[in-house]
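Here, each number is a calculation from the coordinates, and none is a lab measurement. What you see is a predicted model; the values in this text were computed from it and never measured. In this analysis, Cβ positions are derived from the backbone assuming ideal geometry, glycine residues included, and neighbour counts consider all displayed protein chains.
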Amino acid sequence: MKNYLLLLITSFVFVSASLAQNSQPKKIIADKIVAVVGDKVVLKSDIENSIIDMQRQNIEIPDNARCAMLEQAMGIKALVLQAQKDSLPVTDEEVETIIDNKVRGFVAQFGSKDELEKVAGKTIYQLKEDFREPIRDQELARAMRNKVVENVRITPKEVNEYFKKIPTDSLYLYESEVEISQIVMYPKAHRDAEEYAMEQLKGFKEQIESGKQDFASLASIYTMDPGSKETGGQYDVNRYSKELDPVWLGKAFTLKPGQVSNPFKTRFGYHIMQLVSRAGDDASVRHLLLIPQVTSFEMKEGTKKLDSIRDLLVAGKMDFGAAVARFSDDEQSKFTAGQITGRDGSTYVTIDQLDKDMVAMLKDLTVGQYSHPSEFMDERGKKGIRIAYLKTRTEPHRENLKDDYNRVAQRALEEKKNEVLEQWFNKKVNTYYILVDDDYKACPEMKKWLSGAPLKN
């Protein structure tokens, strides 16, 4: 169960599988209970949907996939039972937030809410209801696992012993990587530029309300939001989203269907918004973003300010983390001492994960140096200036303890946690009623579930 269980409770396989099934050619499959743990059941469709999802993601299907999936599912049920017994807290709000985030991800994947509903064969409301129980179980299982392993620690000796057991030809090969932090400044546009943007938006609002133009057409031409330009400025949102600007999100729920807002300001720029439709806490809106243009004068002033900050850093009169907290305008790295993280959340990033302007800045930097201020344009098309600090740089290499101790230690810790979790299961399994369908009793993974456990006949 070790790695399989960890994989399952940190993924969304059973939920996303329900969409995968609906996107496949329709087959008539008789569902049935294939396992019972306590009062929790595992259905044949749970297993088959998981296989379908793996196929959809081009994941290689192992020969024992169905046995392994059943073991995962039973492990989840056991963790959920114990979590309920221990009254571990998983709130409705937490579950709802996860559901909303996942639905938004599916909407983005399929292109629109309508397309998602077409593929799934269900409304968004019905999908959310389908997701609620498996997501709650997933979170309860995660909470229980965390409780079981919360006191597990790893020593340097254990890390060394773990590393020695890895065959040399199985050690990871790493590309050149860097650890880099940044201070970002977005110079503010002159008041005249802001007023011009506001006047443009007022004009757009008048054209829409008079019927001379429709919102989608104007947004497709003029919006400076690359994320919605191709969709006529449209977004599907939820009232409780934590990922969206609160001012922007709040505006979506003050409008009536068809109504166009007055121009308003957020940290991204100036907007107008139109409510397309609303159902409870979900809404579909269109917005048009204008970013007041920053002139060369404002950019030069920002560069001078960052130059003075760099002088303090070089002289050792200011800590980089303190400078980030005080001066940086980058919300993503402001509270991580400016650290740029990779796709997996690691502080080590490869060159291909950096934008081209940052790559150019690193060209002449050595470890421990601060770059001179450099202009750039972010993914939203907003002009900025930044200083980079190169903390470390590694050459391409095979994994070793000197350069990669933290990574090895993390894997060693996860292995130890999985061993502790396995021991916990071995103690707990004989306290549950267990039923396994005849088709799965021969699975090697079922041996520990069936040996010594009270059986339901």
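Things worth noting here:
- If R0 equals 22 Å, the separation of the Cβ atoms of Asp86 and Asp439 corresponds to a calculated FRET efficiency of about 0.10.
- Extension gain for Thr366 to Glu129 (0.36 nm times residue separation, less C-alpha to C-alpha distance): 79.9 nm.
- Each residue, Asn160 and His397, gets one label point 7 Å from its Cα in the Cβ direction; the gap between the two is 1.8 nm.
- Measuring between alpha carbons in the structure, the pairs from Lys102/Lys212; Lys102/Lys391; Lys40/Lys441 lying more than 27 angstrom apart are Lys102/Lys212; Lys102/Lys391.
- In range of the label at Tyr172: residues from region 416-436 whose backbone nitrogen is under 20 Å from the point 7 Å along Cα→Cβ: 416-419
- Using the Karplus relation 6.51 cos²θ - 1.76 cosθ + 1.60 with θ = phi - 60°, the per-residue 3J(HN,Hα) values for region 347-364 come to 6, 8, 10, 8, 4, 5, 8, 9, 6, 4, 5, 5, 4, 5, 5, 6, 3, 9 Hz, with x marking Gly and Pro.
- Spatially proximal lysines relative to Lys416 (Cα-Cα < 18 Å; intrachain offsets below 8 disregarded): Lys2, Lys147, Lys157, Lys164, Lys165, Lys427
- Ser451-Asn262 FRET efficiency (beta carbon distance; Förster radius 56 Å; 0.05 resolution): 0.20
- Given Lys229/Lys265; Lys317/Lys402; Lys77/Lys428; Lys300/Lys383; Lys32/Lys77; Lys113/Lys356, the pairs whose alpha carbons are separated by over 23 Å: Lys317/Lys402; Lys113/Lys356
- Three-way shape label, the chain, alpha-carbon gyration tensor, a/c 1.5: oblate
- Between Glu375 and Thr336, the contour length at 0.36 nm per residue exceeds the Cα-Cα span by 11.9 nm.
- Counting only aspartates and glutamates at least 8 places from Lys128 when in the same chain, those with an alpha carbon closer than 14 Å to its own are Asp92, Glu93, Glu94, Glu96, Asp100, Glu117, Asp281, Asp282.
- The label-point distance for Asn151 and Phe253, in a model that sets each label 7 Å from Cα toward Cβ, rounds to 4.2 nm.
- Here the relative contact order of region 191-290, from alpha carbon pairs under 8 Å that lie six or more residues apart, stands at 30 percent.
- Label-zone membership for region 261-300, site Lys202, 7 angstrom Cα→C-beta point, backbone N under 11 Å: 263
- For the chain, the relative contact order comes to 21 percent (Cα pairs under 8 Å, sequence separation of at least 6).
- Computed FRET value (nearest 0.05) for Gln410 with Gln57, which takes r as the C-beta separation and R₀ as 22 Å: 0.35
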